[in-house]
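Here's the structure we're looking at; comments come further down.
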Amino acid sequence: MKTKNANILIFIILGLGWGLSLFGGQSLLPTPAEEASYRQYTQNEAIAAFLSRLDALSPGLSVQVVGRTLPTDEYAARDIFLAILSQNAAASPEALDRAKPTVLFTAAQHGNEQSAKEAVLWILRDLAQGDLRPLLEKVNVLVMPQTNPYGNFMNIRANELGLDMNRDHIKLEAEGVRAIHRVFRAWMPEVTIDVHEKGDDYYRVSIGCVSNVNVGWDLQDFSRKVILAEVEKSLKKKNFTFHEYLVTEDLGVDTSSGAAYGRGEAGPREEMKRYSTTDINDGRNSLGIFETLSFIQEGASRHDLETLRDRTRWQYNGLRAFLESVAGHAAEVLKMVKDDRARLLERAAAPAENDVVHLRMKFARDPAQPELLLKRFEMVASPIRGVLKVDKKAGETLSAGDIAPYPEPPTVKVVDEVVKHWFPGVEPTLSVARPRGYIIRGDRLDIVETLLALGVEVGTFDKSGLVDAELYEVKDIVPAKLDYLAPEKIEVAKKALPTAVQKGDFYVACAQPAANLVPCLLEPQSEFGLIRYWMFKLVPEAGGVFPIFRVAGSPALPITPYKRWKS
């Protein structure tokens, strides 16, 4: 009897201990990937269940549905979630402690880049329950762990409309991308990072900064010299290889836009390397142009289940080092972004001739660093079984203790690569003085709805009248052969002319947080503009007038803010 009672007591104690450790924070709620031992990719239903449990256990966490994908025959509509972590348990932007910078994580825009989502859920759990909780004393954190449920389920790059979501940050056709921009403009985080996967690379973690030269240079400089430098140092201590994110493409070709390029000529071409795109239809630059410290993380990947655990670990450690660096500079980050956003508003409210917006850019070499030395993987004829720990001569016997495990995939060796075509810089090639605003006809709701979804403030004229405007007469034009590309050639002449506007026409002022974005979208010569998307039908004929007018002075007519009454 004593033995039986003792066994029951032990069982009760163990049960209580498990409960205390789980709910008292000594043991953590497993992520869906951990729970499945990384034998399957986490689906949206598992994310919803995980967020429900974590929300119940974490007083500083709030979870919201911020969007819903479109249904298809193969896959029903799914919710898109936002998790909000803060010391004061803020459930709305108004409740957030703005004395701290806010960091937004977005993941899985590309559905087959599975470790992005798994790592972000891990970060979320450790912020809510684990050893990252003290960081919430310095930063607020927003997490969108799964922005492309359809692509995730199908394990493909595109979403349910067949769109590359990370090239949809202007048109905003994808529901997941619209949700990202709704969250951004509602919460206006100071820092963003978008999590992706690249190919199987020697550099297990890569992080890229913004590349569009309209974004404040102080933000770009701080991103590279402080944040990325600290991430590299932190990862090196853990034996994870790191390099700033690089893109490889054919020399003389810029595929940034996402246009459906075909191979222009037979045979191989020389390749160049550069930092990531200048385009603002990319998630990083589309948020960075609001004077945001904005980043992309790319984790190395073979895109197979066998390596899911490892590649999630690489992603997690990169994101952890990144967040720790931002938190370590919280006051500096907050002041820098706040000051840059305020200066932008001041410049836009009183535009001067030397206050310009850059509409076209090119990747540039650096004479001080004409070449770049990298390490990369090279395929080998037979698998590498290990690395010798001691010197051995040919013919000498090897024991198991003489061989250390090979740290890389057995089918590759690490070699040096000298990049001769190295373009680390970006230079503007066409810039215009920022106007006070732009006039858009009242029947162009397609344009206005897109602007509003991007966080651009739009007004309507309350009555008809004349406005001193500037028109662009088109002298010559060669339309682009592909959607997403600006015209191959467009020559315009600016002409000042009093212009009749009708009650209900739209006015887009530049004196707003989107002050850099507005000219990039609405100028006819912009390589980032709405003119390059065929859906807007904005490409004029030679001899015609571009249908969006500039306003250099005060419009001198009453204007009411135009509200968008749907999400």
Partner lysines for Lys375 [C-alpha distance under 18 Å; skip if fewer than 8 residues away on the same chain]
Lys198, Lys233, Lys236, Lys273, Lys413, Lys420
If you place +1 on the Cβ of every Lys and Arg and -1 on the Cβ of every Asp and Glu, how big does the dipole about the Cα centre of the stretch 23-154 come out, in debye to the nearest 20?
240
Just going by the charge dipole of the chain, with Lys and Arg at +1 and Asp and Glu at -1 on Cβ, which of Ile296, Ala89, Thr277 is farthest out on the positive end?
Ala89
The exposure ranking of Leu51, Leu471, fewest beta-carbon neighbours within 10 Å first, is Leu471, Leu51
Scoring only Lys, Arg, Asp and Glu (+1, +1, -1, -1) among other residues with Cβ under 15 Å from the Cβ of Lys338 yields -3
If you count, for each residue, the other Cβ atoms within 10 Å and average over each peptide, how do 163-174, 363-374 line up from highest to lowest?
163-174, 363-374
Cleavage-rule hits (trypsin sites (Lys or Arg not before Pro)) in the stretch 480-567: DSSP loop, at most 15 neighbouring Cβ within 10 angstrom:
Lys481, Lys503, Lys537, Lys563, Arg564, Lys566
Kindly identify the stretch 139-223 as rounded, prolate or oblate by the Cα gyration tensor criterion: order the square roots of the eigenvalues as a ≥ b ≥ c, call it rounded if a/c is under 1.5, otherwise compare a/b with b/c, prolate if a/b is larger, else oblate.
oblate
Against the longest principal axis of the chain, how steep is helix 114-128, in degrees 0 to 90 to the nearest 10, with axes from Cα atoms?
80
What GluC sites (Glu not before Pro) does the stretch 487-567 have in DSSP loop regions with at most 12 other beta carbons within 10 Å?
Glu488, Glu541
The residues Ser206, Ser286, sorted from fewest to most surrounding Cβ atoms within 10 Å, come out as Ser206, Ser286
Can you give the % of DSSP beta bridges in the chain that are antiparallel, to the nearest 5?
75
Per the Kirkwood treatment, what hydrodynamic radius in Å, one decimal, follows for the stretch 434-561 from the mean inverse distance over all distinct Cα pairs?
14.8
For the chain, whose charge dipole is built from +1 on Lys and Arg Cβ atoms and -1 on Asp and Glu Cβ atoms, the candidate among Thr255, Ala107, Pro435 with its Cα farthest towards the positive end is Ala107
Relative to the longest principal Cα axis of the chain, at what angle does helix 44-57 sit, 0 to 90 degrees, rounded to 10?
70
Count the lysine pairs in the stretch 434-561 whose Cα atoms lie under 21 Å apart, taking only pairs 8 or more positions apart in sequence or on different chains.
9
Which entry in (1) 151; (2) 174; (3) 205 matches volume of the Cα convex hull per residue in Å³ derived from the coordinates of this structure?
(3)
Under 17 Å Cα to Cα from Lys100, which aspartates and glutamates show up? Leave out anything in the same chain fewer than 8 places away.
Glu137, Glu190, Glu291, Glu324, Glu332, Asp339, Asp340
Taking the Cα atoms only, what angle lies between the long axis of helix 2-23 and the longest principal axis of the chain, rounded to 10 degrees?
20
What's the magnitude of the charge dipole for the chain around its Cα centre, counting Lys and Arg as +1 and Asp and Glu as -1 at the beta-carbon? Answer in Debye, nearest 20.
1080
From the square roots a ≥ b ≥ c of the eigenvalues of the alpha-carbon gyration tensor of the stretch 96-237, which class results: rounded (a/c under 1.5), prolate (a/b over b/c), or oblate?
rounded
Mind checking the stretch 277-307 for GluC sites (Glu not before Pro) that DSSP puts in a loop (not H, G, I, E or B) and that have at most 14 other Cβ atoms within 10 Å?
none
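Here, each number is a calculation from the coordinates, and none is a lab measurement. Treat the numbers as computed from the prediction; the structure is a model and nothing was measured. Using ideal geometry, Cβ is built from the backbone for each residue, glycine included, and neighbour counts are taken over all protein chains shown.
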